[in-house]
Amino acid sequence: MDSFFSMITAPPHALHQRRYTQLHGSGDALALARLAQDAKPLIVLCASALDAQRLCEEIPYFAPGLAVNLLPDWETLPYDSFSPHHDLISERLATLYAITRGSCDLTLIPASTALYRFAPPSYLAAYTFFLKRDEKFSLPQLRAQLTLAGYSHVTQVVAPGEYCVRGGLIDLFPMGSALPYRIDLLDEEIESIRTFDVDTQRTIYRVKEVRLLPAREFPLDEAGRTRFRARFRETFEGDPSRSNIYKDVSNGIAPGGIEY
């Protein structure tokens, strides 16, 4: 089947449009790989989530040096009573962070995904922090930061957005990370940081620092809840205290499907 796409690039001096036709098989991936090497950073809107996933797998074959990121779809329908999977939110936040840092050469976004509002760069900047080996450490401060960023305290870490504290050991699974991390404490200092396997709980290799992105694409702190309540009263008629969503968010609970 023939495929075609048109690309609009905007160099400082002009606006150019390029049109590609008669692209068979992986021809579109090859054309995008060559284009991205000359016009990066590049954002490509794809017809569907499947097309975006396919290009994300094929483009690195033609251009291994390109930093290719996929902004996946939530894979839920509007007003569903459940939220997107943690892994999808994790990948989305990692891609959005890479875009704000300028470390992404080519970003693939399904057209349906691009229709929704994204978190502003200021949100990611405010709720992203780092933990480094040999630096001073305060457990109460870390708990407060993780709670503010939306992380859940659990008995065993298995998914992104979770953390667990066991004496001098802290397990946490940052959003945007492929593996969880185990932090060893020595008094008030981080002695070591190691990745570990979720299934076996065995450590794998050491790292120097950990980046922690927010656990959600929206703030659920006091300021965020206050803004939600104000906008809810402006938008909907009747007594807001009779709404379960209004009451849950007011109490700091994110009900299923709250992203919409």
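The values are calculated or read from the model by the stated rules, or taken from the named source; none is laboratory data. It should be emphasised that the depicted structure is a prediction, and the values quoted were computed from it without experimental measurement. Here the Cβ is made from the backbone with ideal geometry for all residues, glycine too, and neighbour counts use every protein chain on show.
Structure summary
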{"quantity": "Filter pass, Leu35 being surrounded by 10 or more Cβ atoms within 10 Å (Cβ to Cβ), at pLDDT below 95 and within 20 Å of Thr113 (Cα to Cα)", "calculated": "no"}
{"quantity": "Filtered residue count, the stretch 146-156, keeping only those that are surrounded by 17 or more Cβ atoms within 10 Å (Cβ to Cβ), on the phi < 0 side of the Ramachandran plot and not in a helix (DSSP H, G or I)", "calculated": "2"}
{"quantity": "Filter result for Asp184 (of a type in the set (D, E, K, R), surrounded by 14 or more Cβ atoms within 10 Å (Cβ to Cβ) and more than 30 Å from Ile99 (Cβ to Cβ))", "calculated": "yes"}
{"quantity": "Boolean, Gly224 is under 25 Å from Asp87 (Cα atoms) and surrounded by 14 or more Cβ atoms within 10 Å (Cβ to Cβ)", "calculated": "yes"}
{"quantity": "Output for the stretch 164-178, where each listed residue is over 16 Å from Leu93 (Cβ atoms) and buried (at least 16 other Cβ atoms within 10 Å of the Cβ)", "calculated": "Cys164, Val165, Ile170, Asp171"}
{"quantity": "Subset of the stretch 86-145 (residues that are β-branched (Val, Ile, Thr), out of contact with any helix residue (DSSP H, G or I) (no Cβ under 6 Å at 6 or more places or on another chain) and part of a helix (DSSP H, G or I))", "calculated": "Ile89, Thr95, Ile99, Thr113"}
{"quantity": "Unique residue being over 17 Å from Tyr151 (Cβ atoms), touching a helix residue (DSSP H, G or I) at 6+ places or on another chain (Cβ under 8 Å) and outside any loop (DSSP other than H, G, I, E, B) when the list is Arg233, Arg206, Arg227", "calculated": "Arg233"}
